[in-house]
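*Asks:* Here you go, one structure.
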Amino acid sequence: MNVYLVIILVILIGEYFLDLIVENLNVRRASPVLPQEFAAYYDADKYKKSQDYLKENTRFKLIKSGFFTSLILAFILAGGFNFVDRLARSFNLGPILTGLIFAGMLMLALRLLGTPFSVYRTFVIEEKYGF
């Protein structure tokens, strides 16, 4: 393994675990009980519902993040970027269009893979909480 690959992998994995720690700290601090200072201004049931939504949305975000981090790591280690690069270069359209094709293919793949997560978030989680 080359040193740059190791650096990239460490950064990707480190960023994932840092996000995991931060989100867990955030969820732990979320209390279902409305702070006394806001009792006169905000409904306690709505506040509890918003905290439940935060927790469920955060769990879902971490699952999605874990999936995409694993996918990117596998893609890197399997030589996926090289494959997409060779595919983009096979059109022989010059460096600018080749770069655009390369980026476009990666963005399209990410968009397609992210669609089920977006659908679930919109039609299951958002619907459950009445948004």
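The values are calculated or read from the model by the stated rules, or taken from the named source; none is laboratory data. Given the structure is predicted, the values throughout are model-derived calculations rather than measurements. Because the Cβ atoms are built from the backbone with ideal geometry, glycine has one as well, and the counts that use them run over all protein chains shown.
*Asks:* Would you point out which residue out of Phe38, Phe60 is of a type in the set (Phe, Trp, Tyr), modelled with pLDDT under 95, under 23 Å from Gly130 (Cα atoms) and in contact with a helix residue (DSSP H, G or I) (Cβ under 8 Å, 6 or more places away or on another chain)?
*Replies:* The unique qualifying residue is Phe38.
*Asks:* With the requirement that a residue be within 16 Å of Ser65 (Cα to Cα) and either out of contact with any Gly (no Cβ under 9 Å at 6 or more places or on another chain) or assigned to a loop (DSSP other than H, G, I, E, B) (or both), what does the stretch 13-25 give you?
*Replies:* Ile13, Gly14, Glu15, Phe17, Leu18, Asp19, Ile21, Val22, Glu23, Asn24
*Asks:* Something else: Exactly one condition in (1) surrounded by fewer than 12 Cβ atoms within 10 Å (Cβ to Cβ); (2) assigned to a helix (DSSP H, G or I); (3) of a type outside the set (A, V, I, L, M, F, W, C) is false for Gly130; which is it?
*Replies:* Exception for Gly130: condition (2).
*Asks:* Right, next: Which one is nearest to Leu73 (Cα to Cα), of the residues in the stretch 1-55 that are of a type in the set (Ser, Thr, Tyr) and under 22 Å from the mean Cα position of the chain (by Cα)?
*Replies:* The extreme case among them is Tyr16.
*Asks:* Looking at the stretch 10-25, which of its residues are touching a helix residue (DSSP H, G or I) at 6+ places or on another chain (Cβ under 7 Å) and not acidic (Asp, Glu)?
*Replies:* Leu12, Tyr16, Leu20 - these are the residues of the stretch 10-25 that are touching a helix residue (DSSP H, G or I) at 6+ places or on another chain (Cβ under 7 Å) and not acidic (Asp, Glu).
*Asks:* Which residues, counting only those in the stretch 26-45, are assigned to a helix (DSSP H, G or I) and either among the hydroxyl-bearing types (Ser, Thr, Tyr) or surrounded by 10 or more Cβ atoms within 10 Å (Cβ to Cβ) (or both)?
*Replies:* Asn26, Val27, Phe38, Ala44
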